[in-house]
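Visitor: Attaching a single structure in structure tokens format; questions to follow.
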Amino acid sequence: MLSVRLPDDIDQRLSHLAKVTNRPKSYYVREAIERSLEDIEDAYLAESAYESFLKKGEKAVSLDELEESLGLDD
């Protein structure tokens, strides 16, 4: 079970939508999470991986350098 506090304006909009469509508010909260979770995961996991990369001090390689090292620079 998850409990979420929403700003009043968002809660009012959600309540209105639920009333007009005769669906529970939880339906729309779940729908919003399902639609956006993948994008949020991508953004935060990429940021975390980048920070980890920077902390390790590894050398970055450009796409051109990578292609050249793999013999794909034709």
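Visitor: Within the stretch 37-74, work out how many residues are closer than 26 Å to SER3 by Cβ and loosely packed, with under 10 Cβ neighbours inside 10 Å.
Guide: 2
Visitor: Next question. Collect the residues in the stretch 47-74 that are among the polar types (S, T, N, Q) and assigned to a helix (DSSP H, G or I), keeping them in residue-number order.
Guide: Within the stretch 47-74, SER48, SER52, SER69 qualify.
Visitor: Could you tell me which numbered condition MET1 fails, if it satisfies all but one of (1) outside any helix (DSSP H, G or I); (2) touching a helix residue (DSSP H, G or I) at 6+ places or on another chain (Cβ under 8 Å); (3) of a type in the set (A, V, I, L, M, F, W, C)?
Guide: Against the list (1) outside any helix (DSSP H, G or I); (2) touching a helix residue (DSSP H, G or I) at 6+ places or on another chain (Cβ under 8 Å); (3) of a type in the set (A, V, I, L, M, F, W, C), MET1 comes up short only on (2).
Visitor: Just checking, does the stretch 10-23 include any residue being surrounded by 10 or more Cβ atoms within 10 Å (Cβ to Cβ) and either among the acidic types (Asp, Glu) or at pLDDT below 95 (or both)?
Guide: Yes: one or more hits.
Visitor: Here's another thing I want to ask about it. Quick check: is even one residue across the stretch 34-50 at pLDDT 95 or above and in contact with a Phe, Trp or Tyr (Cβ under 8 Å, 6 or more places away or on another chain)?
Guide: Scanning the stretch 34-50, I find no residue that is at pLDDT 95 or above and in contact with a Phe, Trp or Tyr (Cβ under 8 Å, 6 or more places away or on another chain), so the answer is no.
Visitor: On the basis of being loosely packed, with under 11 Cβ neighbours inside 10 Å and either assigned to a helix (DSSP H, G or I) or of a type in the set (Phe, Trp, Tyr) (or both), does GLU34 make the cut? Let's see the steps before the verdict.
Guide: Details: loosely packed, with under 11 Cβ neighbours inside 10 Å: yes; either assigned to a helix (DSSP H, G or I) or of a type in the set (Phe, Trp, Tyr) (or both): yes.
Yes: the conditions hold for GLU34.
Visitor: Which of the residues spanning the stretch 4-16 are without any contact (Cβ under 8 Å) to a residue 24 or more places away in the chain and under 11 Å from VAL29 (Cβ atoms)? It would help to see each step written out before you state the result.
Guide: Of the stretch 4-16, the ones without any contact (Cβ under 8 Å) to a residue 24 or more places away in the chain are 5-16.
Correct list: LEU6, ILE10, ASP11, LEU14.
The values are calculated or read from the model by the stated rules, or taken from the named source; none is laboratory data. Computed from a prediction, not measured in an experiment: that's the story for all the values here. Here Cβ is always computed from backbone atoms with ideal geometry, including for glycine, and neighbour counts include all displayed protein chains.
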